[in-house]
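**Student:** What follows is a single structure, and I will ask about it in a moment.
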Amino acid sequence: MKTAEPQATEVPNTEPPNAEPPAPEDRLDRYRARVFEERKRLRRAFSDPAARQREVLTDLLTFNAGTAYGKAHGFDRLRTLDDLRKAVPVQDYAALSPWIERMAEGEPNVLTADQPAVFFTSSGSTGAHKKIPVTPRFMRTAFFPFYYAAWAPMAEHFPDVLTRPDAVLNLKHDPVVAPATTASGRPHVGASQVDFGKMFGEHLSAEPGTAAPWATLPVPVAPDDHVEKMYLRLRMAVESDVRCVIGINPAMVAAVPYQLRLWWPRIVKDVRDGTLGGHPFRSPNPERAAELERLAAYFGTVRPAHIWPNMRLLFCWTTGLASLYLPRLREEFGPSVTALPAPVAASEGPVGVALDRHPTAGSLVVTASVYEFVDADRDLGPDVETLAPHELEPGREYHAIYSHVGGLYRYAGGDVVRVVDTVDGVPRVSYAGRRNRSDVAGERLRDAQVVRALQSALGGAGLAVRNAACHVETPDGRPPRYVFALAGESAWSTDETRRLTAALDTELTRESADYRAARDAGRLGPAELIRLDRDAFLEEWQESVGRGVRPTQVKDRLFRPDPENWRQLTGAAARQGDRS
C-alpha cells in the first residue's frame, strides 16, 4: 500500500507574503531550485493521482462550504466526485457570471471563502472581457506549483537564457501603472500584467525576461498604444544578445519577423542616433546600425536569426493553427531553435504542463483542480456525463472541465484537449482548439479536425502556409461550401492549388463522418480555396493590435463566421479571382 504524499494545500509557501526579493546574485540559484522542486513535487503526486484528486476535492468543498454557493449546493454534504456531479451542473462563464459579479462588487463569501485579490481578464471566444476571480489560496495551492514547474525544462536544458535579463524577449509581459478595476476596486487585468511578487509575496515568480531593460519602457507611451510598445521593445532588443522569445500566444511570436521587416528603417535610424521612438535614449551606436544594414544587404531581407545568432528557444503554444506554421517560423529564428510548448492553461486555471521537452503535450496538473472530461464530439450541457482522468484514451479529444478552490465548479472553459499518451500514471494532453463548431448542414466541424485535414493535405502536396482561416459561403441556388483562405509560404502553381483544394476536401471527409455525410447528401458543396498574400494574416493581426486590443488576446482564429471580417481578410484576393 502506497503512503500518501502530503496534499498540495499543506505544502508551505517558500516565498511568504511580504518576503523581501532575493538579492540579484542569489536569485537565479533560488529560482532554479524552486522550479525543479515544484516539478519534483508534482511528479511525486503522480504516484497516486486518484488520491491527489480526492484531496483537491475535499479541500475545495471544506474550504468553501460556508460560502453562498457552497450552501446553495450543499457542499457540507458532498464527499465524492459523484456527489459533486449530482449537486452542481456543468456550466460555463455565463452561468457563473451572476455569482462572479457579486464578488466583483465586493460581496464576500460568494464563491470562495477567500477574498479575490485580483480578477484576471480573459477574452474568451466572443472577445468580451470576463472577470476571473483569483484568490490567494488558489494561487498558493493550485497556480504557483504548476507555474514554477512550467519553467523547469527551460531552466534544465537552456540554462544560458536565464543568466542575463536581456537574453529573453518576453512578448507577453505588459505591466500597467493604472490597471482597470472592478466595482470593488480590485484590479481587473491580464495575468501577464500582475506583479505576483507585490500582490502575493512570490518574488521569485517573475518570468524570464521581465527584468530586461525593455520590460518597463523608459520613454512615454500611451497605455493602449500596443503597437508602439511592441516597436520600442523590439528596437531595444536588437542591441542585445537575445536567446529566447516567450510569447505563449504563437501569433505574437509569428509577428516578430514581420515587424522587423515592417519597422526596419526606423529601427536602424533609432540605433544609429541613440534614440528610442525619436526620444533621447542612450549614446548613438553607429557600429551596430552599420552591422544591421550589412546583414540586411547581404541576406536581402532581415530575420531574427540574423540579428540574434545565438537564439535557442521559443516558448509558446505549439499546437492548433500554430502547428501549420511553426516549423517554418522556427527557421526564421534559426535552424537549431527549439520550440517548447507553453502550458495548456487559461486565465481560469491550468490543465496540463510540460515537464520535459515533449514538443506538444503536458502532464495533467492533478494537484490544481478536480478534472472531468467529455468527448469532444458531444454537446456540453448541465447534465452531460463526464469522465475522470483515468478513463481517458490516448488519441482521443475531450472538453476539459475543472473545479478548484478559487471558486470555479464544474467549469467548462471552452478548450478541447487531445490525450497524447499516459506517463507516470497521468494523461499528457495537448491543446486541440476551442470547443466552438462550424455547423451549417450537420457537418459539426471542430478546429482540430480542420487543422488535421489541412496538415494532411498540405503535407501531401509538399506545401507550407503561414496561417489559415475558413468561412462558409452560400451561393445562390447551390449548397453552402467551405472556403479556405491560406497564406502560402511561397508561390503555388494553379495546378498545385487545384490539387490541394481537392485533397483538402477529401481529408475533411476522412476527419469527420458528419462532413462526409453532408457532402454525400449534397447538403454541402466541395471546398474552395483562396490564396492570400504571405503576410495577410500578420497584417490583420497588426491592425487588430493597432485598434487597442492587447497582443496576448489577438489569437489565431480558424472559423470566421462574420462576413465583414472575412471580406476584410480576403477582399483583395477575391477581387483578383485568386481562388480555386
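The values are calculated or read from the model by the stated rules, or taken from the named source; none is laboratory data. Predicted, not measured: the structure shown is a model, and the values here were computed from it. Neighbour counts are summed over all protein chains in view; Cβ atoms, including those assigned to glycine, are modelled from backbone coordinates with ideal geometry. Ligands, DNA and RNA are stripped out before the accessible areas are found, and what is left, the full protein with its side chains, is counted by its heavy atoms. Shrake-Rupley method; radii C 1.70, N 1.55, O 1.52, S 1.80 Å.
**Student:** State whether one or more residues within segment 302-314 are touching a residue at least 60 places away in the same chain (Cβ under 8 Å) and under 18 Å from the mean Cα position of the chain (by Cα).
**Tutor:** Looking for residues that are touching a residue at least 60 places away in the same chain (Cβ under 8 Å) and under 18 Å from the mean Cα position of the chain (by Cα), one finds at least one in segment 302-314, hence yes.
**Student:** Does any residue of segment 262-273 turn out to be touching a Lys or Arg at 6+ places or on another chain (Cβ under 6 Å), acidic (Asp, Glu) and part of a helix (DSSP H, G or I)?
**Tutor:** For segment 262-273, residues touching a Lys or Arg at 6+ places or on another chain (Cβ under 6 Å), acidic (Asp, Glu) and part of a helix (DSSP H, G or I): present.
**Student:** Which of the residues belonging to segment 27-51 are open to solvent by 60 Å² or more (accessible area, probe 1.4 Å) and among the hydroxyl-bearing types (Ser, Thr, Tyr)?
**Tutor:** Answer for segment 27-51, where residues must be open to solvent by 60 Å² or more (accessible area, probe 1.4 Å) and among the hydroxyl-bearing types (Ser, Thr, Tyr): there is none.
**Student:** Restricting to segment 504-542, what's the tally of residues that are in contact with a helix residue (DSSP H, G or I) (Cβ under 7 Å, 6 or more places away or on another chain), within 18 Å of Arg557 (Cα to Cα) and among the acidic types (Asp, Glu)?
**Tutor:** Going through segment 504-542 one residue at a time, the tally reaches 2.
**Student:** Continuing with the same structure: How many of the residues making up segment 160-184 are surrounded by fewer than 19 Cβ atoms within 10 Å (Cβ to Cβ) and in contact (Cβ under 8 Å) with a residue 60 or more places away in the chain? I'd like the intermediate steps shown before the answer.
**Tutor:** Taking segment 160-184 and keeping what is surrounded by fewer than 19 Cβ atoms within 10 Å (Cβ to Cβ), we get 160, 163-166, 175-181, 183-184.
From what's left, in contact (Cβ under 8 Å) with a residue 60 or more places away in the chain: 160, 163-164, 166, 183-184.
Within segment 160-184, residues that are surrounded by fewer than 19 Cβ atoms within 10 Å (Cβ to Cβ) and in contact (Cβ under 8 Å) with a residue 60 or more places away in the chain number 6.
**Student:** Separate question: Could you check, for segment 216-237, whether at least one of its residues is open to solvent by less than 30 Å² (accessible area, probe 1.4 Å) and charged (D, E, K, R)?
**Tutor:** Within segment 216-237 (the criterion being open to solvent by less than 30 Å² (accessible area, probe 1.4 Å) and charged (D, E, K, R)), the answer is yes, since at least one residue qualifies.
**Student:** Find the residue count for segment 431-444, including only residues that are open to solvent by less than 10 Å² (accessible area, probe 1.4 Å) and either within 18 Å of Val366 (Cα to Cα) or of a type in the set (Ser, Thr, Tyr) (or both).
**Tutor:** 0
**Student:** Output the residues belonging to segment 65-94 that are surrounded by 15 or more Cβ atoms within 10 Å (Cβ to Cβ) and of a type in the set (A, V, I, L, M).
**Tutor:** Once the filter is applied, which keeps residues that are surrounded by 15 or more Cβ atoms within 10 Å (Cβ to Cβ) and of a type in the set (A, V, I, L, M), segment 65-94 yields Ala65, Ala68, Leu78, Leu81, Leu84, Ala87, Val88, Val90.
**Student:** Tell me whether segment 309-322 contains one or more residues that are open to solvent by less than 30 Å² (accessible area, probe 1.4 Å) and assigned to a helix (DSSP H, G or I).
**Tutor:** The answer is yes; a qualifying residue exists.
**Student:** Same structure again: Can we say Arg531 is under 19 Å from Asn467 (Cβ atoms), open to solvent by 20 Å² or more (accessible area, probe 1.4 Å) and in contact (Cβ under 8 Å) with a residue 12 or more places away in the chain?
**Tutor:** Here the answer is yes, as Arg531 does meet what is asked.
**Student:** From the residues in segment 507-528 that are part of a loop (DSSP other than H, G, I, E, B) and open to solvent by less than 60 Å² (accessible area, probe 1.4 Å), which one is nearest to Asp377 (Cα to Cα)?
**Tutor:** Filtering segment 507-528 for residues that are part of a loop (DSSP other than H, G, I, E, B) and open to solvent by less than 60 Å² (accessible area, probe 1.4 Å), the one nearest to Asp377 (Cα to Cα) comes out as Ser512.
**Student:** Go through segment 274-290 and give me each residue that's assigned to a helix (DSSP H, G or I) and either surrounded by 17 or more Cβ atoms within 10 Å (Cβ to Cβ) or under 35 Å from the mean Cα position of the chain (by Cα) (or both).
**Tutor:** Arg288, Ala289
**Student:** Here is a follow-up. Residues of segment 345-366 being within 29 Å of Phe119 (Cβ to Cβ), modelled with pLDDT of 95 or more and touching an Asp or Glu at 6+ places or on another chain (Cβ under 8 Å), which ones?
**Tutor:** Val351, Ser363 - these are the residues of segment 345-366 that are within 29 Å of Phe119 (Cβ to Cβ), modelled with pLDDT of 95 or more and touching an Asp or Glu at 6+ places or on another chain (Cβ under 8 Å).
**Student:** Please state which of the following conditions Tyr409 fails to meet, knowing it meets all the rest: (1) touching a Leu at 6+ places or on another chain (Cβ under 6 Å); (2) within 30 Å of Gly66 (Cα to Cα); (3) not small (Gly, Ala, Ser).
**Tutor:** Just one mismatch for Tyr409, condition (1).
**Student:** Here's another thing I want to ask about it. Please go through (1) open to solvent by less than 60 Å² (accessible area, probe 1.4 Å); (2) in contact (Cβ under 8 Å) with a residue 60 or more places away in the chain; (3) assigned to a loop (DSSP other than H, G, I, E, B) for Pro257 and return the number of the only condition it doesn't satisfy.
**Tutor:** Every listed condition holds for Pro257 apart from (3).
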